[in-house]
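Since the structure comes first, as structure tokens, the remarks are kept for the end.
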Number of protein chains: 2
Amino acid sequence: MSLIPIRPGAQPGEGRAAAPAAESGRRDAARNRELLLCAAREIVEESSVDALTMDRLARRAGVGKGTVFRRFGSRAGLMMALLSDAEAEFQGRFMFGPPPVGPGAPPLERLIAVGAARIAWTLEFGELARAADASAHNRFDVPPAVLWHRHLEMLLREAGVTADPWLMASALGAALEPELLLHSVGVHGISPERLAETWRELVTRVVGGQ
Amino acid sequence: MSLIPIRPGAQPGEGRAAAPAAESGRRDAARNRELLLCAAREIVEESSVDALTMDRLARRAGVGKGTVFRRFGSRAGLMMALLSDAEAEFQGRFMFGPPPVGPGAPPLERLIAVGAARIAWTLEFGELARAADASAHNRFDVPPAVLWHRHLEMLLREAGVTADPWLMASALGAALEPELLLHSVGVHGISPERLAETWRELVTRVVGGQ
DNA sequence: ATGCTAAACGGACTGCGGTCCGGTTATATT
DNA sequence: AATATAACCGGACCGCAGTCCGTTTAGCAT
């Protein structure tokens, strides 16, 4: 799949060694990587994201624990690897897809649409995203997060928001964080539609529209 | 201190046993509690928040590890206990303090002021708050967080925000989360003034003002 | 003072994420 | 085919948060 591979098959360099890419040399490494991703998905759908521990994954895949960490760097890295296809597909949508999420629509419309899309995306893959964020030292500096943030910033600029678009993008982005969305839906029973509607209201007011 | 004690000297019930309050019976328990809080503060100022591990704290205070967990329930509970005075003081400011943070000023002014105050507060105590959030299952449901959220919601209502004030409060509150603020300042070198200014802009636009 | 009981105590124990290092193996070179 | 070497592999090991349970003790009632 991977329309916009953010370094395809590479994890965000956790330890010092960084990025044993998918195609570089050793075929057994690549094979183990797929083996592990496959086993990880099995564990997740059999039980839950929380059940996906590094030891368990290693034993399930029949490899040593060290191998798991060498491949993915950390638990967060593993989660991101599991998410990377879905993430890349989402990136493709807002960067090259059809309007109003993709380019071609007015910026405010794009903001509204991409927020709604993000909400839907999060409700589908959010458990993994939340787990990734949870044990992430630097969740804000990871490539997909940076790209997402820059995209929001760009849309805000295009929409005519002059005051510190960088911080505005941070503030608005915070309203779409998986932890918050999942909590709203899961604990308080808020519907996705209401989330999207409030996002629309929020972003409309921020760009000074209406 | 504790102007508005959120159950004074009690931790947000973590385990099943919950809330061995400060004054109830056994004086040794209360004594150990103070002993532990004191030792915890020592460790933090000698080293850092990260250096404050439960084992270390227990040994430093000369008690068993079980005692630490019985008193505070979890690491997050300990962090909240360490924060509780500062948190209570802040609550006092926005609920009963002088305007514009406290009551008496127009709602938009109060929103702007309380955000700025929150930013300053976070930059002072944020390390503890971040540590508390980090290992908190239910960081949104803890009393101070709920009170803060409801306060934002109330101000939004008073300011005439009709559309789903609950979610709007969540969204705006997310822009003031310790993790985000500390990241902006610490990693990207954003100044507190710029944070406050952007908050002013954001909240002004949201309430539809000028 | 003495005895009773509920509560507090300590520290061994578990499972987890993450690191390290000696042994192994795939690939390139000759 | 033999060799060299860089990368890979496994699993023992560490520190941490959190749990459990047998033991001790504070406070009360008599």
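The values are calculated or read from the model by the stated rules, or taken from the named source; none is laboratory data. From a predicted model like this one, the values you see are computed outputs, not experimental measurements. We place every Cβ from the backbone using ideal geometry, glycine too, and count neighbours over all the protein chains shown. Ligands, DNA and RNA are excluded from the accessible area calculation, which covers all protein heavy atoms including side chains. Shrake-Rupley method; radii C 1.70, N 1.55, O 1.52, S 1.80 Å.
At-a-glance table
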| read-out | value |
| --- | --- |
| Unique match (being open to solvent by less than 20 Å² (accessible area, probe 1.4 Å) and either away from chain B (no Cβ under 11 Å) or modelled with pLDDT of 95 or more (or both)) among A:Ala145, A:Ala175, A:Ala159, A:Ala136 | A:Ala175 |
| Test: residue in region A:18-36 that is modelled with pLDDT under 95, more than 11 Å from DNA strand C (Cβ to nearest atom), in contact with a Leu (Cβ under 7 Å, 6 or more places away or on another chain) and not assigned by TED's automatic domain parsing to the domain that holds A:Leu180 | yes |
| Residue match in region A:60-77 (condition: outside any loop (DSSP other than H, G, I, E, B), open to solvent by less than 60 Å² (accessible area, probe 1.4 Å) and under 19 Å from A:Val146 (Cα atoms)) | yes |
| Per-region count, region B:178-191, residues facing another protein chain (nearest Cβ under 7 Å), small (Gly, Ala, Ser) and over 15 Å from A:Pro165 (Cα atoms) | 0 |
| Search result, residues across region A:45-90 that are under 19 Å from A:Gly126 (Cβ atoms), in contact (Cβ under 8 Å) with a residue 12 or more places away in the chain and more than 17 Å from the chain's Cα centre (by Cα) | A:Ser48, A:Asp50, A:Leu52 |
| Some residue of region B:192-207 being under 28 Å from A:Gly160 (Cα atoms), within 11 Å of chain A (Cβ to nearest Cβ) and not in a helix (DSSP H, G or I) | yes |
| Residues (open to solvent by 40 Å² or more (accessible area, probe 1.4 Å) and within 10 Å of DNA strand C (Cβ to nearest atom)) located in region A:42-58 | A:Asp50, A:Thr53, A:Asp55, A:Arg56 |
| Members of region B:162-172 found to be buried (at least 20 other Cβ atoms within 10 Å of the Cβ) and of a type in the set (Ser, Thr, Tyr), listed by number | B:Ser170 |
| Residue among A:Gly73, A:Gly66 that is within 8 Å of DNA strand C (Cβ to nearest atom) and on the phi > 0 side of the Ramachandran plot | A:Gly73 |
| Residues located in region B:121-137, provided they are under 15 Å from B:Ala88 (Cα atoms) and among the aliphatic types (A, V, I, L, M) | B:Leu128, B:Ala129 |
